[in-house]
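Accompanying notes for the structure given below.
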Amino acid sequence: MTIAPGNVFGFWMLIAISALVIYTIRASERGKFKVTIRPIAGLEAIEECVGRATEMGRPVHFSPGLGDIVTTSAPDTLAALQILSYVTDVAAKYDARFLVTIRMPNVYPLATETVRQGYIAANKADSYRDNMVRYVSSDQDAYAAGVIGLFHQEQVASSILAGLYMGEALLLAESAARLGIMQVAITASVMQVPFFVAACDYTVIGEELYAAGAYLTNDKGRLGGIAGQDYIKLIVIGIILIGTLMTSAGSNAIQSLLTM
Amino acid sequence: MRKEVPLLITFVVALIVMLSQVTTGNIPGLGVAMPDLFERYISPWMTVVSAFSLCLASVNLIVVHSRNISRKQSEWIYSLILLGTLVIYGAWCTYIQINPDNTAAASNYSLIYNYILSPLMTGQWACLAFYVASASYRAFRARNLEATVLLASAILVMLGATPVGGVIWSKFPVIQRWLIDIPNMTGQRALLIGAAVGSFVACLRTMLGIERGHLGIGGS
């Protein structure tokens, strides 16, 4: 077994940055350095979202996005499930009516277990209902139509959209905005960010989606991972700068290295 | 065991998937390549798990909508339509599978899709034009410096993209192209690189069992 041609640099880079991230996670857990994340307004607003719904006696809606857990959208969906875990804790604490809508069947059991365990952990097992997590449809259009219908039917007060979104992002967000629903959108889907910014009260963009779990739980290990992420970005910036300078000077050494 | 087994499965499967992307040739002692190992042993399990998940999700769908109908909750009629369509499609498809020679039944199977669902979906997407207008109106109100810059950029891009813009001033399409290719692309690529790095670290944390909230067994 050998490293496939064209992947040599990628393989060793993978090993190196994995080691770097593991080091920062362990170092942070042992207290060798303290990681702080700047305040993210959108994530701070989640509690306000749930509180608002509780005061109004209406449900708070959560969607873990359109992604699956077996494709390239898996990191987005898993990050959304981390956020779901936090939102469940807050909803259980406030005794808020809680609705989670699911597009991909694979996500359904994970979301159900996350919500159920959240209510058990908050000593509110009696408040958990099996219709809190609802599978809507794996068809993108039908999912959007179903969720919009639910906004009307259940008179949702707040909506948190986390994870991967596609063309229906504006359908969901603008429909909710017209109904006066308070919204927080958390996504790394670059093409949908403008729509969420235009229609939602708070938008958390890009890598902040993956940092949300660490931010909301303040867990040292997860925070260490975020620090490792920043070090990787410094390495990437370095490679981009060196590559730009060398290419401008007529050398293609960096391209050769990257495609080794 | 409830924690360890799922975490071990996650680690082993993630390692196989990761190595199947970057390695070639047989694994010493096993006589099979990493990509084949993934295709032969991991991929079928994904189908099995997906089938079980779909079954669970369908039960949830039927229970929720049956409850809506039995309790005559608001807009219960839509729940009835949903369950009715589910039954009709299920029965029809089963009939076609049992009687493959009945070509009329097979060709009419797509009637509901082509003449009801497809126009409804088209109508739904058509609403987006109005939604873009109303969302843009809210976003473009020049309340602060950022919104003013956004408004000015939007006007320039719209003028450059429409034929009338080029007639008013020939430089509008050039400015539009520059706005899209340089500042817009720079921002998008920065977001993409950040998201890719974040995505990788999130995967690594999940692989190592540091992230385990999705298993319903708490954090690290």
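Applying the criterion of at least 3 residues that are more than 9 Å from chain A (Cβ to nearest Cβ) and either more than 25 Å from the chain's Cα centre (by Cα) or under 15 Å from residue A:137 (Cβ atoms) (or both) to the helices (runs of 4 or more DSSP H) found wholly in segment B:52-142 leaves B:76-98, B:103-108. Taken over segment A:47-76, residues that are in contact with a His (Cβ under 9 Å, 6 or more places away or on another chain) and farther than 26 Å from residue A:166 by Cα amount to 1. The sole residue among A:92, A:144 that is among the small types (Gly, Ala, Ser), crowded, with 18+ Cβ neighbours inside 10 Å, free of Cβ contacts under 8 Å to residues at least 40 places away in the same chain and more than 10 Å from chain B (Cβ to nearest Cβ) is A:92.
In a residue-by-residue description of segment B:63-81, the property of being under 24 Å from residue A:133 (Cβ atoms) and touching a strand residue (DSSP E or B) at 6+ places or on another chain (Cβ under 8 Å) applies to at least one position. When B:178, B:125 are checked against the criterion of being modelled with pLDDT of 95 or more and farther than 26 Å from residue A:23 by Cβ, a single residue qualifies: B:178.
Residues checked against (1) over 14 Å from residue A:198 (Cα atoms); (2) acidic (Asp, Glu); (3) surrounded by 12 or more Cβ atoms within 10 Å (Cβ to Cβ):
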site	(1), (2), (3)
B:135	no, no, yes
B:140	no, no, yes
B:152	yes, no, yes
B:166	yes, no, yes
B:178	yes, no, yes
B:182	yes, no, no
B:192	yes, no, yes
B:199	yes, no, yes
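Residues that are at the interface with chain A (Cβ under 9 Å from one of its Cβ atoms) and either part of a helix (DSSP H, G or I) or exposed (fewer than 13 other Cβ atoms within 10 Å of the Cβ) (or both) are absent from segment B:36-45 altogether. If you go through segment A:184-202 and keep only what is more than 14 Å from the chain's Cα centre (by Cα) and within 9 Å of chain B (Cβ to nearest Cβ), you end up with A:191, A:194, A:195, A:197, A:198, A:199. Taken together, A:225, A:243 contain a single residue that is in a helix (DSSP H, G or I) and away from every other protein chain (no Cβ under 11 Å), which is A:243. If you filter segment A:228-238 down to residues that are facing chain B (nearest Cβ under 8 Å) and aliphatic (A, V, I, L, M), you find that the one that is surrounded by the most Cβ atoms within 10 Å (Cβ to Cβ) is A:232. The set of residues in segment A:9-37 being among the basic types (Lys, Arg) and within 14 Å of chain B (Cβ to nearest Cβ) consists of A:26, A:30.
Taking each residue of segment B:7-27 that is on the phi > 0 side of the Ramachandran plot and within 10 Å of chain A (Cβ to nearest Cβ) and looking for partners that are outside any helix (DSSP H, G or I) and surrounded by fewer than 16 Cβ atoms within 10 Å (Cβ to Cβ) with beta-carbon atoms closer than 6 Å, six or more apart or interchain, yields B:25/A:1; B:25/A:2.
The values are calculated or read from the model by the stated rules, or taken from the named source; none is laboratory data. None of the values given here were measured: they were computed from a predicted structure. So basically every Cβ, Gly included, is an ideal-geometry build from the backbone, and we count neighbours across all protein chains shown.
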